[in-house]
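**Q** Once you've had a glance at the structure underneath, I'll fire off some questions.
The values are calculated or read from the model by the stated rules, or taken from the named source; none is laboratory data. Remember, it's a predicted structure, so these values are computed and weren't measured experimentally. Glycine gets a Cβ as well: all are built from the backbone with ideal geometry, and neighbour counts include every protein chain shown. Areas reflect the complete protein model, heavy atoms only, side chains present, ligands, DNA and RNA absent. Shrake-Rupley method; radii C 1.70, N 1.55, O 1.52, S 1.80 Å.
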Amino acid sequence: MHELSITEHLLEHCISEAKSRNASRIRVIRLCIGQLRGIVPDCIQIYLDMLSEGTVAEGAQIEAEFLPVKVQCRDCGQEGEITPHRLCCPHCGSLNLKLLSGKEFYIKSLEVDIDGNKSTASDHGLERGCE
Ligand SMILES: [Zn+2]
């Protein structure tokens, strides 16, 4: 995963979102990350600290929520959650799986200051084409 380019894209998106809401500062960026993405939030935070200097996002904190990997088994038909380290059906052990979720990456919400008032702005999501 290329956290630097992800962070650049993320920052751009957050700044334009903050501007559209007349926010003076971004405090928190909450991300949802599918476990299969292999994105390391600490890396994003480090890049963000570098890239956001002098912008409304300066000093913003990354909060990440990991979304589970969900699959449906093509053999037994059951759905279940698996870990990226054990990619097989939790019910029958089959490797013939259909991925239902686990590759997401989007902004859940932004916490911003608007004229000194704290406000939470919901976001429509940031999907990246990294397939
Ligand atoms: Zn199965």
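**Q** Failed condition for Leu48, given (1) open to solvent by 40 Å² or more (accessible area, probe 1.4 Å); (2) at pLDDT 95 or above, with all others met?
**A** Only one criterion in (1) open to solvent by 40 Å² or more (accessible area, probe 1.4 Å); (2) at pLDDT 95 or above is unmet by Leu48, namely (1).
**Q** Search segment 65-105 for residues being surrounded by fewer than 17 Cβ atoms within 10 Å (Cβ to Cβ) and closer than 30 Å to Asn22 by Cα, and hand back the single one that is nearest to the ligand (Cβ to nearest atom).
**A** Checked segment 65-105; the qualifying residue nearest to the ligand (Cβ to nearest atom) is Phe66.
**Q** Do you know which of the residues in segment 51-64 that are among the polar types (S, T, N, Q) and surrounded by fewer than 18 Cβ atoms within 10 Å (Cβ to Cβ) is farthest from the ligand (Cβ to nearest atom)?
**A** Thr55
**Q** Filter segment 5-40 down to the residues that are open to solvent by 30 Å² or more (accessible area, probe 1.4 Å) and either closer than 21 Å to Leu67 by Cα or under 14 Å from the mean Cα position of the chain (by Cα) (or both) and list them by number.
**A** Residues satisfying the conditions are Ser5, Glu8, His9, His13, Arg30, Gln35, Leu36, Gly38, Val40.
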